[in-house]
Amino acid sequence: MGRQLSRLDTAFLRLESTGAPMHFGALAIFRPARPVPPIRLVTLLGERCDRLPALRWRAVELLLPPGAHQWVPDRRFDPRSHIRLHRLDSSDRDAMAAVAAMAMAEPLDLDRPLWQLHVLTGLAGGAFAFLLKLHHALADGLRAVELGLGLFDGFTDTVAARADPVPPYPGHLDTLLSLSGAAARLALCPARLARQVVSTAESLPAVARQVGDIANIAASVLSNVRRTKPVSPLGAPVPDDRRLALVRLDRTGLREVRRHYGGTEHDVLLTVLSGALRTWLGRRTQPDDLDLRVLVPVSRRRRPGDRRYGNLISGYLCPLPIQEADPVAQLHAVRAAMDRAKVRGPGRGPGAFPLLADLVPEAAHRVLAPLARHSAPRLFDTMITSVPVPNLKLTLHGAPLREVYPISPLPHGHALGIALSTHHRTVHIGLHGTGPAAPDLDALAQSIPAALDALRTAGAQGTVGGRAA
C-alpha cells in the first residue's frame, strides 16, 4: 500500500483555498561565469526532478479511514508540466520579485504532484533564478531543504537514494480486502487476539499521558484566542495582489550584538524584525497601542537527517515588543519570551496547536478546516519562520548559488509572512505581503537593516534598556 499522509499533512490539504494556498517557496539566485541558455536550465532541472521519487507523488483520498489521504505515484507524471520558464523583460530585481510573487499566488493543482518550479532568466550579468513551490502537505521546512538539494549539481543521486519509493496504489477494494483479512486472522487465532488486547492495555498509560498533553495544549490555545476578531494592521480580510521583498543582512552585525548581550542569533533577528515593524507600522498607526503576536514554527525532528516523512512541526507563540522604543529593551523582552517558550518546549503552550491537528481524526478535518482557516488572526498576527540552508558549495550547471530566500505561505486573514534563511555569512529574508502590507512592503525591507544598525549602535554605546551600562 502507499504511504498514508499524517493527520497534520491532511490538515494542510484541507486548509487549502484559492485565496490562501498552503504552499511555501524558495527563491534561489545564481551567478554563472558565462550565460547559460534558458532551455538548458529547464532540461537539466526536468531531468533531476524526474529522478526524485517524492516529486512523483500525488495525494488521493481513501475510502478507509474516512477523510484520510495517501501518497501514490502519478502514472502520467511529466516533470516538464510542472516547470515554467520566465524570460524577464527587465533585468532588475524588482521584476524578478514581481514574477515570483505572482507565481506564489497561484494555487497548486491538488490532483497532481504538489510542486512547481519556476525558472527566471534575464537578470543582470547573466544571473538566473528558480522558485521552488512545495505544498505544506508534502514537506516541512527541513524536508523541503533536502528535496531542494536534489536539484543542485552532485546531489540528485544522493537525495534520490534516501527516498523510499511509494508502492503502487492498491485501490479501495484492495484496502477493504486487506482490512477484512486482518480481522479474520485475529478471529481465527485467539492467542494473537489475546496478545493484541494485552498490548493495547499496556499502552493505556501512554495514551492517558497523551490525552493529558492534548488537553493542556487545547486549554492553552483557547486561553490565548482573542474573543473578538482583532483589527490588526497586519490583517487582510480579503486576499489581494501579492508582493515580495527581499532583504540581505550580514551576519557579522548579528554576531556582534549577540556577543555583547548574549542570547541566540535568532533572538537578535526577532529583535531586528520587531524594531523594523515598529518603524514601518508607525507610519500608519500608533505602535505603542498594538498587541502583536508572532508564530515561530519549531521542528520536532530529533536530529539533522531525520528521514521521517510528513510534517514534524510545532511552534512558539510569542509577543513581539513593538511597543518598546528602545532596541536593547526589545532584545531583553524577546529573549525572555523565547526563553519561556523553550522551557515549556515545543509540546506545550498555545503555539503547539499543530500537535492537535496531528491527533484529530482525518474525517473531522473536513468539518474543522473551514473553521480553522479563518481563525488564525485570532491567535497570531504574522509568522516568522526560519529555514536552515546547509553551508555547502551549491551550484547549478556550474553556476554558484549566491542568494536563497524562503517564502512563507499567507494564511487567511494575514497580510504579511516573514521567512529567514542563513547561508554562509548572510541572512536572507523573504517578505511576503498582500492587502494593506503590499503597497509599502519595500519600506519594511528598508527598515530591517536600519533596525540592526540601531541595535548595534546601542550596544556600542553601552546602553542597557535605555540607560548607560
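The values are calculated or read from the model by the stated rules, or taken from the named source; none is laboratory data. Bear in mind that the values here come from a model prediction, so they are computed numbers and not experimental data. Here Cβ is always computed from backbone atoms with ideal geometry, including for glycine, and neighbour counts include all displayed protein chains. With ligands, DNA and RNA removed, areas are computed over all heavy atoms of the protein, side chains included. Shrake-Rupley method; radii C 1.70, N 1.55, O 1.52, S 1.80 Å.
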Exercise. For labels at Ser223 and Thr252 in the simple 7 Å Cα→Cβ model, what's the distance in nm?
Worked result: 4.7 nm
For this session: Could you grab the relative contact order for the stretch 256-376? Cα pairs under 8 Å, six or more apart, rounded to a whole percent.
Result: 25 percent
Exercise. So what are the radius of gyration and Dmax for the Cα set of the stretch 405-458, in Å?
Worked result: 12.7, 38
Problem set entry | Anisotropy class of the stretch 323-469 from Cα gyration tensor, a/c 1.5 cut | oblate
Problem set entry | Alpha-carbon centroids, the stretch 260-330 and the stretch 42-113: separation in whole Å | 30 Å
Exercise. Among rounded, prolate and oblate, which fits the stretch 255-295 when a ≥ b ≥ c are the square roots of the eigenvalues of its C-alpha gyration tensor, a/c under 1.5 means rounded, and a/b larger than b/c means prolate?
Worked result: prolate
Exercise. How would you classify the stretch 327-407 from its alpha-carbon gyration tensor, with a ≥ b ≥ c the square roots of the eigenvalues: rounded for a/c under 1.5, else prolate if a/b is greater than b/c, otherwise oblate?
Worked result: oblate
Problem set entry | Net charge of Cβ neighbours under 12 Å - reference Leu371; Lys, Arg +1; Asp, Glu -1 | +4
For this session: For Thr382, enumerate residues with amide H under 5 Å from its amide H, sequence gap 5+ or separate chain, H modeled in the peptide plane.
Result: Arg293, Leu295
Exercise. Once label points are set 7 Å from the Cα along Cα→Cβ at both Leu110 and Arg425, what is their separation, rounded to one decimal in nm?
Worked result: 4.7 nm
Exercise. Which whole-Hz couplings ³J(HN,Hα) result when phi for each residue of the stretch 393-403 is put into the Karplus expression 6.51 cos²θ - 1.76 cosθ + 1.60, θ = phi - 60°, listed in order with x for Gly and Pro?
Worked result: 7, 10, 9, 9, 6, x, 7, x, 6, 10, 9
Exercise. Out of residues 5 or more away from Arg84 or on other chains, whose amide H comes under 5 Å of its own, with H placed 1.01 Å from N in the peptide plane?
Worked result: Leu117, His118, Val119
Problem set entry | Using θ = phi - 60° and Karplus 6.51 cos²θ - 1.76 cosθ + 1.60, couplings along the stretch 121-129 (whole Hz; Gly, Pro as x) | 10, x, 6, 4, x, x, 5, 9, 8
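Evaluate the relative contact order of the stretch 18-144 (contact order divided by residue number), counting alpha-carbon pairs under 8 angstrom at least 6 apart; express in whole percent.
Relative contact order here is 37 percent.
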Exercise. Counting only heavy atoms of protein chains, what accessible area per residue, in Å², does the stretch 215-271 have with a probe of 1.4 Å?
Worked result: 54 Å²
